[in-house]
Amino acid sequence: MNAFSAATAAKVTVHDGAHLMKQQIIDFVSGFTIETTPGSALKIPDYREHLRPGAKVAVTFLPGSDFADTIATAKRLKEEGFRPLPHFAARSIVSAAVLEENLKRLQDEVGVEEVVALGGAVDKPLGVFESSMDLLETGLFDKHGIREIGVAGHPEGSPDISEQGLKDAVTWKNAFAERTGAKLYIATQFCFEAAPIIAWDRMIQSEGNRLPIHIGVPGLATIKTLLNHAKACGVGPSMRVLTRQARNIAKLMTVNAPDKLIMDLARYHAEDPNCGIARVHMYPLGGLRRSAAWTYAVTDGAFEMDPKGKGFKVTRDIG
């Protein structure tokens, strides 16, 4: 083979590799879920301007808020053609009677088959529940027609739970799913780097996890906003990706896209048959409009791969 032929063959190989990687990314991100808060819902005139029909949208419950607001947001989302996933925060629910009342109201006013059950960001429980496991054990989700439940996972640990506690929780949730037939999946906090996520997935699988993982990905936001959210949520080692950039003050207001993270996870998802990650969950930390527009551009293939393999760039104007 002469030099010209060798160069041509190399270009073809690079092109084919980029095409394959692009399809892996599209496949990985398609079917993503996203979330909203009752507070941010007040600033969004119509979710249909930003989300496509049938999108799954988690509805958070924040400490000190009223569950009626979560129900109202879920009702609105369903009326606009989406599938709401209301959050139930264990430490903010004072009793089994209140849990059942909230479930009954949710089903009477909205009607859902999927929810997310979490411990909740409250230091001291307001009542009898300390964890999502306590909620699951009541049997009330099943009684009120809930068929699928997201439960928390922590790829980088948790400031509130010991390492052994996290391991025990994953073991318990797997055992619960097996003995009850409940359809559970693990929903995680967002991270900024793929390596800790992949290592965690492999670790919990080696310890018996069989629940699919919906991995948290930070949406478009400035470095400053991402750092603030990361510190508040206890994001661990992957935060170094941001802190390196934050040393340059001028970059603090630069909008960060999760392209490298998604590219690395998409490769893992496509190439490792034991990958436990089933879906992407977007946290729209800088606003739902731009994060949704960017993510839909990715699922539509409206992006170009970086020739140096450092990520990709969306080619569509997302406003």
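Bear in mind these aren't lab numbers, they're just calculated from the coordinates by the rules spelled out. Worth saying up front: this structure is predicted, and the values here are computed from it rather than measured. Cβ placement follows ideal geometry from the backbone for every residue including glycine, while neighbour counts extend to all protein chains displayed.
A few comments on the model shown:
- Working note: Debye formula, equal point scatterers on the alpha-carbon atoms of the chain, no solvent; log10 I(q)/I(0) at q = 0.08, 0.12, 0.13 Å⁻¹ is -0.38, -0.85, -0.99.
- Cβ-Cβ FRET estimate between Gln205 and Thr315, R0 fixed at 45 Å, reported to 0.05: 0.80
- Cross-link partners of Lys183 among lysines (Cα-Cα below 25 Å; sequence separation of 8 or more within a chain): Lys56, Lys75, Lys78, Lys104, Lys143, Lys167, Lys173
- Structure-based [θ]222 nm, the chain - -39500 (n - 2.57) summed over DSSP H runs of at least 4, per residue, nearest 500: -14000 deg cm²/dmol
- Antiparallel content of DSSP bridges confined to the chain, in %, to 5: 15
- Table column - 3J(HN,Hα) (Hz), the stretch 36-47, Karplus curve with 6.51, -1.76, 1.60, x for Gly and Pro: 9, 10, x, x, 5, 4, 5, 9, 10, x, 7, 5
- Pairs of alpha carbons in the stretch 122-192 whose separation is greater than 21 Å (percent): 29
- Distant-in-sequence amide contacts of Leu85, defined by a placed amide H-H separation under 5 Å and a gap of 5 or more residues or a different chain, comprise Val57, Ala58, Val59.
- Computed from Cα positions, the angle between helix 288-299 and the longest principal axis of the chain comes to roughly 50 degrees.
- Taking label positions 7 Å along the Cα-Cβ direction at both Lys43 and Asn274, the computed distance is 4.4 nm, reported to one decimal.
- Tilt relative to the chain, helix 67-79 - C-alpha long axis, 0 to 90 degrees, to 10: 50
- Packing-based order for 132-139, 108-115, using average beta carbon neighbours within 10 Å, highest first: 132-139, 108-115
- The peptide list 292-300, 310-318, put in order of mean Cβ contacts within 10 Å with the highest first, becomes 292-300, 310-318.
- In degrees, nearest ten, helix 3-29 long axis to first principal axis of the chain (Cα): 10
- The stretch 30-150 - Kirkwood radius from inverse mean 1/r over Cα pairs (Å): 14.5
- DSSP-loop trypsin sites (Lys or Arg not before Pro) across the stretch 32-104, with at most 11 other Cβ within 10 angstrom: Lys43
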